[in-house]
Amino acid sequence: MTSIPSNPTRHTPQRTCVACRQVKDKREFIRLVNTPESDVEIDTGGRKAGRGAYLCQTLECWETGLKGNRLEHALRGRFTRDNREQLMKQARDLIKGAN
């Protein structure tokens with residue numbers, strides 16, 4: 001008979017940053033989601049419907065993810081220049097508010 005541990009550890013979901021490829025706890029990332037309406041949004045709650053991708057809470061990762069097509073590939077969508085600028089502005093505000 002096997003014994004059940006008295007204090008089982010909870011599973012912590014792990015995710016990978018699209019830009020730097022680091023694996024961390026899901027809560028350490030900012031999630032972007034490609035919604036069913038084909039809009040790319042920042043998902044601060046982590047529960048919006050749609051295809052998601054994760055970026056670290058650093059401006060370097062955001063610049064790398066938005067500069068190339070890594071984020072587009074992960075979200076299976078296309079960004080216009082305005083989309084990229086809007087997301088970068090929101091990221092700056094979000095990261096500045098977290099620090």
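Summary of values
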read-out: Tally of residues being assigned to a loop (DSSP other than H, G, I, E, B), hydroxyl-bearing (Ser, Thr, Tyr) and within 13 Å of the chain's Cα centre (by Cα) across the range 47-90; value: 1
read-out: Tally of residues being touching a residue at least 12 places away in the same chain (Cβ under 8 Å) and over 15 Å from LEU94 (Cβ atoms) across the range 31-47; value: 4
read-out: Qualifying residue in the range 57-66 (condition: at pLDDT 95 or above, closer than 18 Å to THR35 by Cα and of a type in the set (A, V, I, L, M)); value: no
read-out: Pairs, first over 16 Å from GLU63 (Cα atoms) in the range 16-30, second surrounded by 14 or more Cβ atoms within 10 Å (Cβ to Cβ) and modelled with pLDDT of 95 or more, C-beta under 6 Å, six or more apart; value: VAL23/THR16; LYS26/ARG15
read-out: Neighbours by Cβ (under 7 Å, 6+ apart or cross-chain): first from the range 58-87, under 15 Å from GLU41 (Cβ atoms) and touching a residue at least 12 places away in the same chain (Cβ under 8 Å); second part of a loop (DSSP other than H, G, I, E, B) and of a type in the set (A, V, I, L, M, F, W, C); value: GLY65/VAL18; GLY65/ALA19; LEU71/VAL18; ALA74/VAL18
read-out: Residue in the range 15-31 that is in contact with a helix residue (DSSP H, G or I) (Cβ under 9 Å, 6 or more places away or on another chain), assigned to a loop (DSSP other than H, G, I, E, B), surrounded by fewer than 16 Cβ atoms within 10 Å (Cβ to Cβ) and not β-branched (Val, Ile, Thr) present; value: yes
read-out: Flag if ARG31 is at pLDDT below 95 and of a type in the set (Lys, Arg); value: no
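The values are calculated or read from the model by the stated rules, or taken from the named source; none is laboratory data. None of these values were measured; they are calculated from a predicted model. Backbone-built Cβ (ideal geometry, glycine too); neighbour counts: all protein chains shown.
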